[in-house]
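The values are calculated or read from the model by the stated rules, or taken from the named source; none is laboratory data. Please read these numbers as outputs of a predicted model, since none were measured by experiment. With ideal geometry, Cβ positions are generated from the backbone for all residues, glycine too; neighbour counts draw on all protein chains shown.
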Amino acid sequence: MTAPLENAFGDVHNKDIAAIWLQVYSCLRDTEIGKGLLVCKTFGKILPPLIKDITLSSPVLDQAFVESLALRFPNLKNFTVYQEYNDNNPVVDWSQVVMPHLQHLDLNYCPLNSIKFSTTNTPNLKLLGLEHAGQDVCKFDLALPHLENLSFRFTTVADGCNFGKSVSACPNLKSFSAYKLWGLGDAKQKLNLPNCTTFALDRPDDLYHLELVAPKLTELELLDCHGLEHVRLLPKQGSPVKVSLMGTTLDEGSLHHLHKHPRVRSSRISYEDPMIDEYIAMKMDDPFLTKDENELQKLKDIWRQQFQLSLVVASHVLNCSKLTGRSQLSSSMAAC
């Protein structure tokens, strides 16, 4: 099948590009027409601009491939890549990849040299999802006027000082979520998000100061932000906000700020107990535990909930014992 493809589309030297064409032809209802089209150069010129959606599994995603794909499919709107995990996966500079019509970009295990997307290369991007984008991403550099959804998972940046400025350069952003986005540093991160409704941070670890200017925000979720001490939510006028704080170390001023904030309608706050880490470490000693990182995180969440629940039960039992006396402690525990 390689030779006919080359006749129809010129130099199809990349096996992943060739695989895309094979997928396209496999969708043709009349296989005989499909065979004829393989050698039709006119069709080879007409078809590429019609391709709007591409999903790839386990490709070799290097700089040459991405740039070739962008040129070959100029009207691409949705591009999703599931690359196999490998420490040696090639690093791609997306600032050099121009996709003027791209709206959705979802990259998994695709290392980046920097998180640089702007009106120069992806002016119409609405959704950007990056998972395992690398352990040494140089910096943030976003400027996307149409971006609505931004998400990160398992990504470390070498210089996160431009994080707040970059996200703020996406004024139409409606949803932001990040799990283990590391490298944000101890600098004050101020985000101006005029249209954002949901903002979630889980395990940023080294984030110290967060200020959100988000008048339309309705949900704020900060989970296991162990280094986070200062949080400010502005302005005081705007949409009602539901706040969830779990495993945080916020200072008294930030807790008071959120508790008294006129927009906060409901809140769920759980203080971090240092004994939780010891409890989880003890559980992790089990040699038969799964090695899958996502499954381990689920187990840790369950263990954390179990520990916190045990504290609540123990506190309730102690209160019961104080009220009923030691002689009635056993019956009190049964009632609790």
Check your understanding: Within the stretch 270-323, restricting attention to residues that are β-branched (Val, Ile, Thr), within 29 Å of residue 252 (Cα to Cα) and within 27 Å of the chain's Cα centre (by Cα), which residue is modelled with the lowest pLDDT?
Key -> 276
Review point. So which of 158, 143 ends up being surrounded by fewer than 19 Cβ atoms within 10 Å (Cβ to Cβ), in contact with a strand residue (DSSP E or B) (Cβ under 6 Å, 6 or more places away or on another chain) and closer than 20 Å to residue 99 by Cβ?
Key: 143
Review point. Between residues in the stretch 171-196 that are under 19 Å from residue 123 (Cα atoms) and residues that are crowded, with 17+ Cβ neighbours inside 10 Å and among the small types (Gly, Ala, Ser), which pairs lie under 6 Å by C-beta distance while being six or more apart or on different chains?
Key: 193/214
Check your understanding: Here are 130, 102, 125: which of them is modelled with pLDDT of 95 or more and either of a type in the set (Phe, Trp, Tyr) or in a strand (DSSP E or B) (or both)?
Key -> 130
Study note, to complete from the structure: By my count, strands (runs of 3 or more DSSP E) wholly in the stretch 180-237 with at least 1 residues that are under 18 Å from residue 153 (Cβ atoms) and touching a Leu at 6+ places or on another chain (Cβ under 9 Å) are 198-202, 219-223
Practice item. Identify all residues within the stretch 73-96 that are in a loop (DSSP other than H, G, I, E, B), of a type outside the set (D, E, K, R) and closer than 19 Å to residue 152 by Cβ; write none if there are none. Key: 83, 85, 89, 91
Exercise for review: Report, by residue number, each residue of the stretch 83-99 that is at pLDDT 90 or above and either over 24 Å from residue 160 (Cα atoms) or not aliphatic (A, V, I, L, M) (or both).
Suggested key: 90, 93, 94, 95, 96, 98, 99
